[in-house]
Amino acid sequence: MSGVNCQEFERRLVEAARGCPMAAEERLELDAHMEHCQACADESERQTRLSAAMGALAMRNAKFQMPPQVEQALLAEFVAVRRVPRRRFVYGVLGGAVAAILAVVWWMGSRPAPQVAPVVAVSVPPPLQATPLATVGAAPKHLRQIARPAKKPDRPFIAIPYTLPLEPWERAEVMRMDLPVAALIAAGYPTGMMDPTGSARADVLVGQDGSPRAIRLVGILN
Amino acid sequence: MSDLSTRDADLLQRFRTGDRDAFTLLYRAHQTALFRFAMHMTGDPVKAADVTQDVFVWLIHHPGDFNPARGSLGAFLVGVARKLLLRRHGEEQRWTVLDESSLVAPEAECEEDSDAVVLRGAIAALPENYREVVVWCDLEGKSYEEAAALIGCAMGTVRSRLHRARGLLARKLEKQVGRRREKCPV
């Protein structure tokens, strides 16, 4: 057996073992070669055995199937993935709304304060005694320049006599205003040595009905 | 376009719009072939099921990646399975491989179809490109032309790879058979 001959027949040999169609002439040549070549005859036997084993393996593998629960798992995945864009949209809208609210809050916070005396709404505890009910923030700069600071910066509110006390649920407002000292005297506020013709700056606690309930002196005007 | 391709294209269109039933039909139409391919390639039903499942999970996440103009959905999914198998094989390479002869159970050595058991191990041990042609041509019964289209190489390459792979397998099988005859002479 020459090497060339064997190489020539090697391809046919494998094709024959695999059951591929072959021309009758080619088949006869192959058989004739194998009669004289033991190596090729052995190879043919090995290839035939291999083909049989391939068939058996294919049959064995065909017995296995996909586990049926995989289909359900995949469907669950499919549904979950399909939900994601909807969820993204909702989260996007919510995120946008939150951002808009934050922007408005920031904008309102950064606006300059109005140039008027601050008026603060407070809820007042029930007993209206000569105790501090509320404190007002610092006066604006231009008012501070003209107002002399009082001796005691945190003077208490003093209830105006003969007025009804505030109810627990009643709203009250503290209003800063300039008053004639005479009006303070008339309201029963202890003015001490103050000039009765002069003016004073005071915080007036005004009830929900608009009537003054208590006064706190802030300073004496020039 | 064949009826099968038309049906696949229709189902795929519905699947892309979120039709659950269309996905179920696509899965049922292609899972058997994919599982069988993965089973032949890995020789392990658990791994084959994992790979098949991964192919469909991939499809769920990439519904727009298939282009019907470039081929059938079946071939496309086989391509995805091949890539997943390759990746898995690469990951498995990091682990020590046991001698395959030790994986054959002693009681199976005298069984009638023990050649198939030996062959399964031998195929799993083949290099990837040889294994593919054996699976397509010998186990799946595809022609050289079909196998070449699926693998993406020339027909002559398929033929030569198959001949070399079969030579390797035939020798391994013979060695195993000789070993078995020594243990089980009857």
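Worth a mention:
- Residue B:33 small (Gly, Ala, Ser) and facing another protein chain (nearest Cβ under 7 Å): no
- Residue A:200 being in contact with a Phe, Trp or Tyr (Cβ under 7 Å, 6 or more places away or on another chain) and either among the aliphatic types (A, V, I, L, M) or assigned to a strand (DSSP E or B) (or both): no
- Residue A:115 being exposed (fewer than 13 other Cβ atoms within 10 Å of the Cβ), modelled with pLDDT under 80 and outside any loop (DSSP other than H, G, I, E, B): no
- Whichever residue in the range A:1-33 is among the hydrophobic types (A, V, I, L, M, F, W, C) and in contact (Cβ under 8 Å) with a residue 12 or more places away in the chain and, among such residues, is farthest from the other protein chains (Cβ to nearest Cβ): A:1
For every residue, the table says whether it meets (1) surrounded by 20 or more Cβ atoms within 10 Å (Cβ to Cβ); (2) over 21 Å from residue B:81 (Cβ atoms).
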residue	(1), (2)
B:136	yes, no
B:139	yes, no
B:144	no, no
B:154	no, yes
B:159	no, yes
B:169	yes, yes
B:174	no, yes
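- Hey, residue B:149 surrounded by fewer than 20 Cβ atoms within 10 Å (Cβ to Cβ), closer than 22 Å to residue B:72 by Cα and either at pLDDT below 85 or away from chain A (no Cβ under 14 Å) (or both) or not: yes
- Sole exception among (1) touching a residue at least 60 places away in the same chain (Cβ under 8 Å); (2) polar (S, T, N, Q); (3) surrounded by fewer than 21 Cβ atoms within 10 Å (Cβ to Cβ) for residue B:24, by number: (1)
Conditions tested, residue by residue: (1) over 17 Å from the mean Cα position of the chain (by Cα); (2) within 11 Å of chain A (Cβ to nearest Cβ).
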site	(1), (2)
B:53	no, yes
B:56	no, yes
B:60	yes, yes
B:71	yes, no
B:76	no, no
B:83	no, no
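- Number of the condition not met by residue B:121 [criteria: (1) more than 14 Å from chain A (Cβ to nearest Cβ); (2) modelled with pLDDT under 90]: (1)
- Some residue of the range A:79-98 being closer than 23 Å to residue B:173 by Cβ and surrounded by 11 or more Cβ atoms within 10 Å (Cβ to Cβ): no
- Considered as a group, the residues in the range A:184-222 that are acidic (Asp, Glu) and under 18 Å from residue A:172 (Cβ atoms) include one that is surrounded by the most Cβ atoms within 10 Å (Cβ to Cβ), and that residue is A:203.
- If you go through the range A:49-99 and keep only what is part of a helix (DSSP H, G or I), closer than 20 Å to residue B:47 by Cβ and more than 9 Å from chain B (Cβ to nearest Cβ), you end up with just A:69.
- Unique match (being hydroxyl-bearing (Ser, Thr, Tyr) and at pLDDT 90 or above) among B:143, B:114: B:143
The values are calculated or read from the model by the stated rules, or taken from the named source; none is laboratory data. Just so you know, these numbers come straight off a predicted model, no measurement behind them. All Cβ positions, even for glycine, are placed from backbone atoms using ideal geometry, and neighbour counts span all protein chains on display.
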